Amino acid sequence: MGSTTSSKVRWRKVWRIIGVSVLAFFGFTLLWVCALKWVNPPTTFLHLTADCPQGSSFRKEWVDGDNISSHMKLAVVASEDNNFMKHGGIDWGAVEKARKYNETEGKRKGKYRGASTITQQNAKNVFLWPGQSKISKWIRKGFEVYFTYLIEWIWGKERILEVYLNVIEMGPCKFGVGAAAKDYFGISAAQLSREQAALIASCLPNPKKYSVAKPGPYMKKRQAQIARLMRLIGDD
């Protein structure tokens, strides 16, 4: 009888600890996301884990959303997330298309498609750690979904796009559109033309492989595709 009571007490303590931990997690992450709606992140896990190749130095420069060319905003939507203004964080239609493609063409060609939205990329780059193991990736994916919906709910589309354009890598160890515009074209982010914005966007999501400074045939073809899509979406 005594051991049974003792066991129940221990389990109550365990569940109490679990409950407090869960509430603490939700409270902390909610405050974290709320804070970054107004405060620009001083650094991110993406920045902290950056692997700068020899001859490259770490570069980042924050630019407020109002000082970023509308062409640049539209270029990343055209290249990375066509339904950005329509979805609630995750583009489930794109996820299903990617799944079907990967099960057929992807396996045959050995090339697989992703369906991460701009919001999901923010969740991963700003709030989550890089992980290489299979278990770590699955755990991170679960947190990514959680932060994605939290960001959409609290930040809104304008802030999501502003953070994305300031956090994303746009060249080897070159983070944010401010650094990219200055280093590649010698101008501010506000001055980027449609063609320049499309060229920067064409290096995504693999800026270490594709060079904006020395664009090859693939980059030029991709730039033209993005520029055409920008016009279809509604470039001004």
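Structure notes:
- Flag for MET72 being at pLDDT 85 or above, hydrophobic (A, V, I, L, M, F, W, C) and open to solvent by less than 60 Å² (accessible area, probe 1.4 Å): yes
- Just one of the listed residues (ALA179, ALA198, ALA213) is buried (at least 21 other Cβ atoms within 10 Å of the Cβ), within 24 Å of GLY55 (Cα to Cα) and in contact (Cβ under 8 Å) with a residue 40 or more places away in the chain, namely ALA179.
- Residue under evaluation LEU48, criteria (1) more than 20 Å from PRO130 (Cα to Cα); (2) surrounded by fewer than 18 Cβ atoms within 10 Å (Cβ to Cβ), criterion not met: (1)
- Boolean, LEU165 is open to solvent by 10 Å² or more (accessible area, probe 1.4 Å) and modelled with pLDDT of 95 or more: no
- Among the conditions (1) within 27 Å of CYS52 (Cβ to Cβ); (2) open to solvent by 50 Å² or more (accessible area, probe 1.4 Å), VAL126 misses just one, which is (2).
- Checklist (1) open to solvent by 100 Å² or more (accessible area, probe 1.4 Å); (2) among the polar types (S, T, N, Q); (3) at pLDDT 85 or above applied to GLN120, failing item: (1)
- When region 1-42 is filtered for residues that are open to solvent by 60 Å² or more (accessible area, probe 1.4 Å) and outside any helix (DSSP H, G or I), the ones remaining, listed by number, are MET1, VAL39, PRO42.
- The residue of region 180-234 that is farthest from GLN121 (Cα to Cα), among those that are among the charged types (D, E, K, R) and under 21 Å from the mean Cα position of the chain (by Cα), is ARG222.
- Residue check: ALA94 meets all listed conditions (1) in a helix (DSSP H, G or I); (2) modelled with pLDDT under 90; (3) under 14 Å from the mean Cα position of the chain (by Cα) but one, namely (3).
- Of the residues ALA201, ALA213, the single one that is at pLDDT 95 or above and of a type in the set (Gly, Ala, Ser) is ALA201.
The values are calculated or read from the model by the stated rules, or taken from the named source; none is laboratory data. These numbers were taken from a predicted model, which means no experiment stands behind them. A quick note on method: Cβ atoms are made from the backbone with ideal geometry, for glycine too, and the neighbour counts reach across all protein chains shown. Please note that ligands, DNA and RNA were not included when accessible areas were found on the heavy atoms of the full protein model with its side chains. Shrake-Rupley method; radii C 1.70, N 1.55, O 1.52, S 1.80 Å.
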